[in-house]
Amino acid sequence: TVELKNGTVVHGTVTGVDVSMNTHMKNVKVTVRGRNPVGMDHLTIRGSTIRYFILPDHIPLDTLLIDDGPKNKAARERGFGKGKGKGKGKGKGKGKGAR
């Protein structure tokens, strides 16, 4: 179940969610506040209109969720990007008349 910011409630099966939280669903029943439910085969909901998802209690979230953080501590502390370049570069400016 997905509740939208305008109070609409959408019941159905989530088939996918993209990086913008746009949610794709199938076998959907849309209930607009104060109106009769409308059935649809497929529906895509814009992510910015979603207030929250209501997931069934029987879903094992601890096994389904993935950790997308850094895999190990050593990779984060490798030391790249600290500045202090050691290349020669262009050197000092020589001024107007120097040769």
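At-a-glance table
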read-out: Interchain or long-range residues, amide H under 5 Å from THR8's placed H; value: ARG33
read-out: Rounded, prolate or oblate (a/c below 1.5 giving rounded, otherwise prolate when a/b exceeds b/c) for the stretch 2-56 by Cα gyration tensor; value: oblate
read-out: Charge sum, other residues only, whose C-beta stays under 14 Å from ASP41's C-beta, Lys/Arg counted +1 and Asp/Glu -1; value: +2
read-out: Full-stretch length increase - ASN27, LEU65 - with 0.36 nm per residue and alpha-carbon distance subtracted; value: 11.3 nm
read-out: Counted charge near VAL28, where neighbours are those whose Cβ lies closer than 14 Å (Asp, Glu -1; Lys, Arg +1); value: 0
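Coordinate-derived values only; no laboratory data. Keep in mind that this is a model prediction, so the values were computed, not measured. All Cβ positions, glycine included, derive from the backbone under ideal geometry; neighbour counts span all protein chains shown.
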